[in-house]
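S.K.: Pasting in a structure now, in structure tokens, and then I'll have a few things to ask.
The values are calculated or read from the model by the stated rules, or taken from the named source; none is laboratory data. Remember, predicted model here, so these are calculated numbers, not experimental data. Methodologically, a virtual Cβ is constructed for each residue, glycine included, from the backbone with ideal geometry; neighbour enumeration extends over all protein chains shown. Accessible surface areas use protein heavy atoms only, side chains included; no ligands, DNA or RNA. Shrake-Rupley method; radii C 1.70, N 1.55, O 1.52, S 1.80 Å.
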Amino acid sequence: MEQNKGLIIGLVLLLCLFALALALGFRPRANDKPADARSQNREASRLSKDSWLSGMDDLLAPLAPAIKPAEIQPLDNHCRRDGGTLSLSADSSCLIKISPAKAERRTLHLRGADNYQLLIPVDTGEACPQNSAPVRVRVKFELNEADSKWEEPLCWKPARDPQHFKAPVLAKGANLTLTCETCSDGQTARFALE
């Protein structure tokens, strides 16, 4: 029995050390950033996919501050921010700027209603999925100094959680482009900034 207690205590200590190492590694260091904007955007988009990395990011997300509504500025007339809500009008892309900040890493949380489907670009070689939600919104996310060679993908797929888009934003800020694929004239898509 004593041997089992020792094993259990050892495993709990090992698990605590693992969690601590992940938490400390979660904060970016000055020399630990991707080399260029293209690789930064690739890293950011990986967190919206269904992978172990996104699962770990969910667990550690409380350690990174969330984007505040005041840090989000719509840059055109096709969308507006009203407190913690972002509204997008039909048939036009909405460009949103996320301001730079002192924090090395913040997290953007964007949530739509149950009948929404937030779509992210399909990687090269992936099959094009069927998108059947009544409200489909394309999300193009780029960290500042983004890669200018970005091309429209052949198709878009639902984010890991179709009603929720989450992405890391580094100190220099980011740009977010939202396009409602299925909104009819006069219809507005609304998102909560969490």
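S.K.: If you go through the range 90-105 one residue at a time, do you hit one that is surrounded by 15 or more Cβ atoms within 10 Å (Cβ to Cβ), in contact with a Leu (Cβ under 9 Å, 6 or more places away or on another chain), at pLDDT below 85 and of a type in the set (V, I, T)?
M.R.: There is no residue in the range 90-105 that is surrounded by 15 or more Cβ atoms within 10 Å (Cβ to Cβ), in contact with a Leu (Cβ under 9 Å, 6 or more places away or on another chain), at pLDDT below 85 and of a type in the set (V, I, T).
S.K.: Do we have A159 as surrounded by 17 or more Cβ atoms within 10 Å (Cβ to Cβ) and under 24 Å from R81 (Cβ atoms) here?
M.R.: yes
S.K.: Here's a follow-up. Taking T124 and the conditions (1) open to solvent by 40 Å² or more (accessible area, probe 1.4 Å); (2) of a type in the set (S, T, Y); (3) under 26 Å from N77 (Cβ atoms), which numbered condition does it fall short on, given that it satisfies the others?
M.R.: (3)
S.K.: Between residues in the range 96-114 that are more than 15 Å from N144 (Cα to Cα) and among the aliphatic types (A, V, I, L, M) and residues that are open to solvent by 30 Å² or more (accessible area, probe 1.4 Å) and part of a loop (DSSP other than H, G, I, E, B), which pairs lie under 8 Å by C-beta distance while being six or more apart or on different chains?
M.R.: L110/E194; A113/Q163
S.K.: Right, N131: touching an Asp or Glu at 6+ places or on another chain (Cβ under 9 Å), open to solvent by less than 50 Å² (accessible area, probe 1.4 Å) and part of a loop (DSSP other than H, G, I, E, B) or not?
M.R.: yes
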